[in-house]
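Q: Starting off with a structure, shown below.
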Amino acid sequence: MMRALGRLLWKELWVGWPFALLGAALPPLTALLIRREVDILDIPPGNVTLFLVLLGLVAWAALQGAGTRDRCSYAGIHFPIHPARPALVTFVMQLLFALGIVGGYLLALYLLRDFGVLSGPLSTRVLNGEIRTMLQGDITRHFLITAFLAIGSTYALCFVVGQALSAPAGIVVGVFWVIFGIGEGLGPLSFGWVLHGYDLNMNERMPFLQVAMTAAALLAFGVLLTRLAFPVRRLLACLLLGAVAVGMPAYFWYEDSRAKWEYDVIYWGEVDSSDGALRLEIVPTGENIRDAVGLRLTDYRRDAQTTRPFPRPLAPTAVLDSGMVFLLSQPRGATTVTLLRWDTAADTVEEICAIPSEKGLMTSQRMRYYDPSVNPLMHVGPDGAHALLLLPTQVGDGEDLWHVDLVRKRARLVRPARWIISETVSWTDDAAILSDNGEPLRVDLRAGTAAPMPVARRER
Amino acid sequence: MRYLLWKEWQERRLWLLLWLLAMLGMALVGKGPSPFGFDVPAGWAMIPALFALLSGLAGYGSELVGGRAPFLFSRPVGWGRVLLAKVLPGVAVTLLGAILGAVAQRLTLPAHYHPFVTPLSLTLGALGIGSVMLAVYLIGLACSTTLRGLAGAALALLLWLALIIAGVLSLESQSDVSPAWTFFGGLAGLPLAGLVLARFGLTLAPGVRLARFALLLCAPIILGVLLDLTPANTLLNRPSTDVLVSPSGRHAIVRQQAKNSEQSWWVTLDDGTRLPLPLVITGYQFWLPNDRYLTAEYDDAPQRTGFLCWYEKGRIVKREFPLDAGRYLQARDFQLSPDGRYLLYGADAALMLLNIATGDTCALARLDAAIRAKFSRHASPYRRFWWQDAATVGYLDPVTEKRTLVAVR
């Protein structure tokens, strides 16, 4: 038996080495791109690499599955081994290959840190923080389990579908599984934490999904391996696994859309007014309250404090020197976000306007990059009559730029679906100018239009 | 030709239909062509792009086994027609997918976006995604002339990665020579190599095909490298310009960066005149509410110098003040007095006041070195301070956290 196993392993090594070599070559190549992927593709760093690695795995597994179907009847008759054994060896070998590839990817990151390739904040964060910690701490265990589950489930799924139906079917199912099950659709949650550190926003049930998926995959694998030649069993295994592969992410999406979130996506410690005399902060309650949050405004000039509860989800957008606080809120299930004005002197809250947005925007990951102190959602004019509001667009990528007339309490879209990287807003009588990056953008507050503002080049 | 197209449809309809469905599906969930003009989509567009690649890879892949290519060329049909029959389905799916995607996108667009959508913007958006899809399809098709199946996919992915790397280096290279022409050479070389192999190489052995593919790809790349070493390399070396407009909207700091050089100007926006700024500091400058700007010198010295600058009657005026080395300038670390005469800021171990007219500084509060050592080196211990009125400054004492007022006149 051991001899047969050894031969099978040797065969698998012989057949699988091109895949392993290709996989091992990809990480160092793409590591060069890791920080640049962010700028070019507008997607989290490292995703392309992992996507490609998983894609290779998907293709290989589906082809292996299809190949096993063609060979199984012959092998079962002519060789004194159970037909399950070759498939099992294939699975184990590919798992080892894939783990080696992911390990190589991390090693490439680690080794390239000293060559200036990964300069910038990403490298500082990733290399000096998460990866080092991971290599030294018990996060390694977590990483290995996560990688094992993700890779194992992907391989098993593609193998089974490839075996039961065909290689193209296995590839298609695998691609969708990578994208929707463990990929960009929910964020590459299996690997995202490796690149971004532990993410509190991570779907807590994702590990459960992976465990369930791997268990179902192994079960289907087992069913399949008992009698590879039986088409009905192959189909049964395929259906079982397909139901789990499609059903689990769909179920979690459904649950997430109904669930009450226990946190606000936008994190903030405190927000100051521009004169430094006012500070807005969350009232520490000692426990996490799901539906409400208490806000406290401290006025250092008057040495006074005002506190008020607000429903979640909530994001502060601006604190004016006059003591007005602007907040963005979105009732659950609403397709608008509501701009609120809290007059802390009178302790009254009024609704300014409702702005169309996608459902659940305030609890969406697309809002997490806004920070009221560093990268605010809203800029208010010095007279308090106008404001510019940035919201993630409903069409593709980028942000929508809204002009909010705070006096007439209405908002109008002035520029859709473009990234606006401007930290400075200048205000004139009839316009707001966004600048700091490239050509300034001038928003005509009367006409409600936005256009690039060329700067004349007459040298004195 | 009709029969060739029928053959292609029979062999590749699964991938072509999946590609079309993926493009349409992306549009229906709002991730399709941009309805606002030419914009190359990213992220989700990887799904239809993947099917475009697989569709392309299936192109000649079926001819490379079982002696199909010699059989095909033994029929009375030219290689050009065969190639056309391989390209046309991809073009058709690209066109159909882009048009249907643009229509689906328009129909599912929320009402508040409608004023920004025109037939031209829709067409340009469809052109954006269509050009990406067609390029990916052609890369797949070119690779399919060399290797089939998984090996062809691996070749396509590696070439795709190489193109991205070259493209990134062309755009981001800070050296005098950027590999822009090399990138274009690589881009043009792929379909060229595919074209030549489609004519002469389909009946060769896989190893020979691969070697010729590599050689054909190298030719335009080498040409590109040679061009990059000539003055033509300056083709893409355009300087980038960043503009920082003052709070009143009357002035701007214009920062122009080219290869290994940087220059800044003070621009008066009303009349367009610009004056050179001697203090060129990358990135770290910001305006105060009175249209004067702050910047600092960043070097390895333990003590840094901050500058408050503005132009007055055609001459630059600057006030220097000491800063600690452990941190960068942030707008919230400075507070201008209501009358605009003084600037309050948190220094390394003290709360400082700068007289803007004279440039004199004085400490309003200071910590002992031993106490200072208990705070972070990367921020002033004086984190919160404000102007109580034009003659009084308030701050939170870093040690006691108590509100303290101090007169400044």
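The values are calculated or read from the model by the stated rules, or taken from the named source; none is laboratory data. Values in this document were obtained by computation on a predicted structure and should not be read as measured data. No Cβ is skipped: glycine too gets one built from the backbone with ideal geometry, and neighbour counts run over all protein chains shown. Heavy atoms of the whole protein, side chains included, go into the accessibility calculation; ligands, DNA and RNA do not. Shrake-Rupley method; radii C 1.70, N 1.55, O 1.52, S 1.80 Å.
Q: Carbon and sulfur atoms: what percent of the 1.4 Å accessible area of the range A:332-460 do they account for?
A: Carbon-and-sulfur percentage of accessible area, whole number: 46.
Q: What ranking, highest mean first, results for peptides B:330-337, A:392-399, A:162-169 when packing means the other Cβ atoms within 10 Å averaged over each residue?
A: Put in order of decreasing packing, that is A:162-169, A:392-399, B:330-337.
Q: Using label points projected 7 Å from each Cα along Cα→Cβ, tell me how many nm separate B:ALA188 and B:SER248, to one decimal.
A: Reported label-point gap for B:ALA188 and B:SER248 is 5.4 nm.
Q: How high is the FRET efficiency from A:ARG412 to A:GLU439, r the C-beta distance, R0 22 Å, rounded to 0.05?
A: 0.45
Q: Defining a contact as two alpha carbons under 8 Å apart and six or more residues distant in sequence, what relative contact order in percent does the range A:410-460 show?
A: 26
Q: Further question: Along the charge dipole of chain B, Cβ charges K/R +1 and D/E -1, which of B:SER248, B:GLN10, B:TYR395 sits furthest on the positive end?
A: After comparing all options, I get B:GLN10.
Q: Suppose a student asked you for the relative contact order of chain B, using Cα pairs under 8 Å spaced at least 6 residues apart; what percent would you report?
A: Averaging sequence separation for qualifying contacts and normalising by length gives 10 percent for chain B.
Q: Something else: For chain B, take the longest principal axis of its alpha carbons; what is the angle in degrees between that and the long axis of helix B:119-144, to the nearest 10 within 0 to 90?
A: Helix B:119-144 and the main axis of chain B meet at about 60 degrees.
Q: For chain B, which whole-number percentage of the solvent-accessible area (1.4 Å probe, protein heavy atoms only) is attributable to carbon and sulfur atoms?
A: Ligands and nucleic acids excluded, carbon and sulfur reach 64 percent.
Q: Can you flag which of B:LYS318/B:LYS402; A:LYS359/B:LYS31; B:LYS31/B:LYS86 are past 26 Å Cα-Cα?
A: As for pairs spanning more than 26 Å Cα to Cα, those are B:LYS318/B:LYS402; B:LYS31/B:LYS86.
Q: Also, quick follow-up: Using r as the Cβ-Cβ distance of B:ALA205 and B:VAL40, and R0 as 35 Å, what FRET efficiency do you calculate, to the nearest 0.05?
A: Efficiency, rounded to the nearest 0.05: 0.35.
Q: Compute the FRET efficiency between B:THR108 and A:THR449 as 1/(1 + (r/R0)^6), taking r as their Cβ-Cβ distance and R0 = 35 Å, and round to the nearest 0.05.
A: FRET efficiency, B:THR108 to A:THR449: 0.90.
Q: Over the range A:312-373, what is the mean sequence separation of C-alpha contacts under 8 Å (at least six apart), divided by residue count, expressed as relative contact order in percent?
A: 28
Q: Still on this structure, I have one more. Non-local amide H neighbours of A:HIS386 (under 5 Å, H modeled in plane, Pro and chain starts lacking H): which ones?
A: Under 5 Å from the amide H of A:HIS386: A:GLY381, A:LEU406.
Q: Put +1 on the Cβ of every Lys and Arg and -1 on every Asp and Glu Cβ in the range B:1-156; which of B:ALA142, B:GLY25, B:THR118 then has its Cα farthest towards the positive end of the dipole?
A: B:ALA142
Q: Roughly how many nanometres apart are two label points built 7 Å out from the Cα toward the Cβ at B:ARG377 and B:GLN10?
A: 7.7
Q: While we're looking at this one, here's another question. So what's the gap between the Cα centers of the range B:75-127 and the range A:319-339, to the nearest angstrom?
A: Using only Cα atoms, the two centres lie 41 Å from each other.
Q: Ok, one more. If I model a spin label at B:LEU21 and B:ALA92 as a point 7 Å from the Cα along the Cα→Cβ vector, what separation in nanometres do I get?
A: 1.8
Q: Which of the residues in the range B:23-42 lose at least 50 Å² of accessible area when you go from the chain alone to all protein chains together (probe 1.4 Å)?
A: Buried-area filter returns B:PHE36, B:ALA42.
Q: Convert each backbone phi in the range B:382-398 into a coupling constant with the Karplus relation 6.51 cos²θ - 1.76 cosθ + 1.60 (shift: θ = phi - 60°), then list the ³J(HN,Hα) values in order as whole Hz, x for Gly and Pro.
A: With the stated coefficients, the range B:382-398 comes to 8, 8, 10, 8, 7, 8, 5, 7, 5, 10, 9, 10, x, 8, 8, 5, x Hz.
Q: If you don't mind, another one. Would you tell me the mean number of C-beta atoms belonging to other protein chains that fall within 10 Å of each C-beta in A:305-312, as a whole number?
A: Average neighbour count from other chains, rounded to a whole number: 0.
Q: Next question, about the same structure. So what are the ³J(HN,Hα) numbers for the range B:18-27, from phi and the Karplus equation (6.51, -1.76, 1.60; θ = phi - 60°), rounded to whole Hz, Gly and Pro as x?
A: With coefficients 6.51, -1.76 and 1.60, one gets 4, 4, 4, 5, 5, 4, 5, x, 4, 5 Hz.
Q: Before we go on, tell me the buried accessible area for the A/B pair, both chains summed, 1.4 Å probe, in Å² to the nearest 100.
A: Buried: approximately 5400 Å² between B and A.
Q: Between B:TYR382 and residues 5 or more places away or on another chain, which pairs have amide H atoms under 5 Å apart, with H built 1.01 Å from N, and which residues are they?
A: Under 5 Å from the amide H of B:TYR382 lies no amide H from a residue far enough along the sequence or on another chain.
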